[in-house]
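The values are calculated or read from the model by the stated rules, or taken from the named source; none is laboratory data. Computed from a prediction, not measured in an experiment: that's the story for all the values here. A quick note on method: Cβ atoms are made from the backbone with ideal geometry, for glycine too, and the neighbour counts reach across all protein chains shown.
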C-alpha cells in the first residue's frame, strides 16, 4: 500500500476538477478555437490542475515537488489533455468520454510516479 494514496486521490480529484473547470471556461470564451487561442486551451488546464494538485498534496503529506516534477508533469499533462481535446474537437469522442479518458490517464500517470518515488524522499 502506498501511504500517500488517500492524499494523492484527494489531490488528483481536486486537480482534475479544477482543470476541467478551467477547460470549460476557456472553451466557452474561445469557441470556435482559432489561432492563438488553441495553445491556451491546451496549456492552461494542465497548469491549473497541477498547481491545485501540488497545493493539496503538499499540504496533506508535506511532500513538495521540485522543478523536476513541473518539468515532467506539465508536458505530460498537456499531451493527455491535448489528446482528449483533439478527440473531442475531431468528433471522435463525446465530452464525457474525452474527460473520462483524460482523468484516467492523469490518475494512472500520477500513480506510476508516486510508486516510483515511494522509496526515496520526494
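Taking residue 59 as the residue in question, decide whether it is at pLDDT below 90 and either more than 11 Å from the chain's Cα centre (by Cα) or part of a helix (DSSP H, G or I) (or both).
no
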Name the residue that is farthest from the chain's Cα centre (by Cα), counting only residues in region 96-109 that are surrounded by 13 or more Cβ atoms within 10 Å (Cβ to Cβ) and more than 16 Å from residue 42 (Cβ to Cβ). 97
Name the pairs: first residue in region 63-92 and more than 17 Å from residue 43 (Cβ to Cβ), second residue outside any helix (DSSP H, G or I) and modelled with pLDDT of 80 or more, Cβ to Cβ under 7 Å, at least 6 apart or on different chains? 63/4; 87/93
